[in-house]
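Have a look at the structure below before the remarks.
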Protein chains: 2
Amino acid sequence: MNVRTLCLGILSLQEASGYEIKKDVEDGLFSHFIDASYGSIYPALTQLAAEGLVTVRAEEQTGKPDKKVYAITDTGQTALANALSVKPAKDKYKSEFLFQMLLQDFLSPDIMLVAIQKQLDDLNADLGRIAHCECGADGGQGARFVAEYGHAVLTAGVNCLENKKAELLQQLAAQAA
Amino acid sequence: MNVRTLCLGILSLQEASGYEIKKDVEDGLFSHFIDASYGSIYPALTQLAAEGLVTVRAEEQTGKPDKKVYAITDTGQTALANALSVKPAKDKYKSEFLFQMLLQDFLSPDIMLVAIQKQLDDLNADLGRIAHCECGADGGQGARFVAEYGHAVLTAGVNCLENKKAELLQQLAAQAA
DNA sequence: TGATGCATGTAATCCGTTACATGATTCA
DNA sequence: TGAATCATGTAACGGATTACATGCATCA
């Protein structure tokens, strides 16, 4: 799936500007399983508009720069439905943290602890974003499903890490004694 | 983290050819959190050898093509330790499946079911790979940690999906009645 | 005889990120 | 006064994937 489809998908839930789409994938419900930068979002939006899959409307704002609000068209919805109907690629999960843990023999115990704590913080931040968005309850069923799934997976990670952390701390204490 | 470091890391655990490294990241313990193709592995290995971070040895095999077995050098270990000591990037998780679920209004219930089943199969396949590698028990502590973490996270996903699937099935049955 | 596994490699291409450029406003 | 937020965009660059090229052995 490319940034085009991503934009189309987000716009199918609500109108938005490029800036707002970026925020959604950065801080919103989507943040833990989607990624995109301005450098890919803006050109995609321009292209989508040229092809008639979305419309643009300039919105004047007092005190802030003008906004280009994009909305999906019927053609866009069809294109989205088509893109969605193809069997999705397998999930991709890349973890430098896990790679580091795998090679922990190269790491000192305190560096290990720092890495684990960082991972814990990252996971909890995602968990926080999900909890926060759930209150908003924008996207209906779909959003709830995604929130639940994310919550389950992230929580499992947190629990696993808390255990490891406690274990490590005990080992260090025993060593010091 | 790039493919160079990835190769160095795998070679720090055991000697291997490019082909074997690919297998490791495809079917091995690493498969659920790492990815790399021949097109990136082979050039990386060549480069690493040119820089003296690994050595090459041609191994003749009866019935099979010759193998180039790579082994990490002391310099390579130092380079790996350095690369590992930098704070790792945040985990990246990309899921077209979740995106599809988010936009489930565009999907028919049976397509939904197919997608969920596919995700379930993918997760279980990963779980199977982890269970299989654990028997081998190559990498010691690090490998065990990674296996546990993967198992916890993957299992959480499976449970969540089993619930959803049952829910959906019930809804469909109720609708049919 | 045709697919699959073992085995190595290159080149074109793609997709996206990073960095850069600009500019107004608000809050500390 | 300086940082952060809002807001849009482009160009260079990088990193990896895909597809291609080759070839032998084994199994169905």
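Residues in the stretch A:22-48 that are near DNA strand D (Cβ under 9 Å from one of its atoms) and farther than 16 Å from A:ARG129 by Cβ: A:SER37, A:TYR38, A:GLY39, A:SER40, A:ILE41, A:TYR42, A:PRO43, A:LEU45, A:THR46.
Scan the stretch B:70-89 and give yes if some residue there is part of a helix (DSSP H, G or I) and within 30 Å of A:LEU84 (Cβ to Cβ), otherwise no. Give the steps one after another, and end with the answer.
Within the stretch B:70-89, the first condition is being part of a helix (DSSP H, G or I), and the residues that meet it are B:74-85.
Subset that is within 30 Å of A:LEU84 (Cβ to Cβ): none.
Checking the stretch B:70-89: not a single residue is part of a helix (DSSP H, G or I) and within 30 Å of A:LEU84 (Cβ to Cβ).
Restricting to the stretch A:44-57, and then to whatever is of a type in the set (A, V, I, L, M) and without any contact (Cβ under 8 Å) to a residue 40 or more places away in the chain, can you tell me which residue is nearest to DNA strand C (Cβ to nearest atom)? Steps first, please.
Here is the first cut: in the stretch A:44-57, the ones of a type in the set (A, V, I, L, M) are A:44-45, A:48-50, A:53-54, A:56.
Okay, now just the ones that are also without any contact (Cβ under 8 Å) to a residue 40 or more places away in the chain, so A:45, A:49-50, A:56.
Values: A:LEU45: 12, A:ALA49: 16, A:ALA50: 16, A:VAL56: 18 Å.
So the residue we want is A:LEU45.
In this structure, is B:LEU169 modelled with pLDDT of 90 or more, more than 7 Å from chain A (Cβ to nearest Cβ) and surrounded by fewer than 19 Cβ atoms within 10 Å (Cβ to Cβ)? When the stated conditions are applied, B:LEU169 passes them.
Would you be able to say whether some residue in the stretch A:79-100 is facing chain B (nearest Cβ under 7 Å) and among the acidic types (Asp, Glu)? Looking for residues that are facing chain B (nearest Cβ under 7 Å) and among the acidic types (Asp, Glu), one finds at least one in the stretch A:79-100, hence yes. Comparison of B:LYS118, B:LYS67 shows that the only residue that is more than 9 Å from every other protein chain (Cβ to nearest Cβ), surrounded by fewer than 19 Cβ atoms within 10 Å (Cβ to Cβ) and farther than 30 Å from A:ILE116 by Cβ is B:LYS67.
In the set B:ILE10, B:ILE41, B:ILE34, which member is in contact with a helix residue (DSSP H, G or I) (Cβ under 8 Å, 6 or more places away or on another chain), within 11 Å of chain A (Cβ to nearest Cβ) and within 14 Å of DNA strand C (Cβ to nearest atom)?
On the way: B:ILE41 fails: within 11 Å of chain A (Cβ to nearest Cβ); B:ILE34 fails: within 14 Å of DNA strand C (Cβ to nearest atom).
Exactly one residue qualifies, and that residue is B:ILE10.
Residue count for the stretch A:13-23 satisfying the condition of being within 14 Å of chain B (Cβ to nearest Cβ), surrounded by fewer than 22 Cβ atoms within 10 Å (Cβ to Cβ) and part of a helix (DSSP H, G or I): 1. Take B:GLU26 and decide whether it is within 12 Å of DNA strand C (Cβ to nearest atom) and within 13 Å of another protein chain (Cβ to nearest Cβ). Here the answer is yes, as B:GLU26 does meet what is asked. For the stretch B:53-95, a residue qualifies if it is at pLDDT below 95, of a type in the set (Gly, Ala, Ser) and touching a helix residue (DSSP H, G or I) at 6+ places or on another chain (Cβ under 6 Å), and the qualifying residues are B:ALA81, B:ALA83, B:ALA89.
Among the residues of the stretch B:91-106, those that are closer than 19 Å to A:GLN14 by Cβ and of a type in the set (A, V, I, L, M, F, W, C) comprise B:LEU98, B:PHE99, B:MET101, B:LEU102, B:LEU103, B:PHE106. Residue check: A:THR73 meets all listed conditions (1) crowded, with 20+ Cβ neighbours inside 10 Å; (2) away from every other protein chain (no Cβ under 12 Å); (3) among the polar types (S, T, N, Q) but one, namely (1). Picking from residues in the stretch A:58-101 that are in contact with a Ser or Thr (Cβ under 7 Å, 6 or more places away or on another chain) and within 14 Å of DNA strand C (Cβ to nearest atom), the one that is farthest from B:ASP122 (Cα to Cα) is A:LYS67. Pairing each residue of the stretch A:98-110 that is over 11 Å from B:GLN141 (Cβ atoms) with any residue that is surrounded by 22 or more Cβ atoms within 10 Å (Cβ to Cβ) and among the aromatic types (Phe, Trp, Tyr), provided the two are 6+ apart or on different chains, yields C-beta distances under 6 Å for A:LEU98/B:PHE33. Note on the stretch B:26-40: among residues that are assigned to a helix (DSSP H, G or I) and crowded, with 21+ Cβ neighbours inside 10 Å, the one that is modelled with the lowest pLDDT is B:LEU29.
Somewhere in the stretch A:158-165, is a residue more than 17 Å from A:PHE33 (Cα to Cα), free of Cβ contacts under 8 Å to residues at least 24 places away in the same chain, more than 9 Å from chain B (Cβ to nearest Cβ) and surrounded by fewer than 16 Cβ atoms within 10 Å (Cβ to Cβ)? The answer is no; no qualifying residue exists. For B:LEU84, are the conditions met, namely being in contact with a Cys (Cβ under 7 Å, 6 or more places away or on another chain), hydrophobic (A, V, I, L, M, F, W, C) and within 16 Å of DNA strand D (Cβ to nearest atom)? Against the criterion (in contact with a Cys (Cβ under 7 Å, 6 or more places away or on another chain), hydrophobic (A, V, I, L, M, F, W, C) and within 16 Å of DNA strand D (Cβ to nearest atom)), B:LEU84 does not qualify. Scanning the stretch B:55-92 for residues that are out of contact with any strand residue (DSSP E or B) (no Cβ under 9 Å at 6 or more places or on another chain) and under 24 Å from A:LYS92 (Cβ atoms) gives B:ALA83, B:LEU84, B:VAL86, B:LYS87, B:PRO88, B:LYS90.
The values are calculated or read from the model by the stated rules, or taken from the named source; none is laboratory data. Just so it is clear, the model here is predicted, and its values are computed rather than measured. FYI the Cβ positions are ideal-geometry reconstructions off the backbone, even for glycines, and counts take in every protein chain you see.
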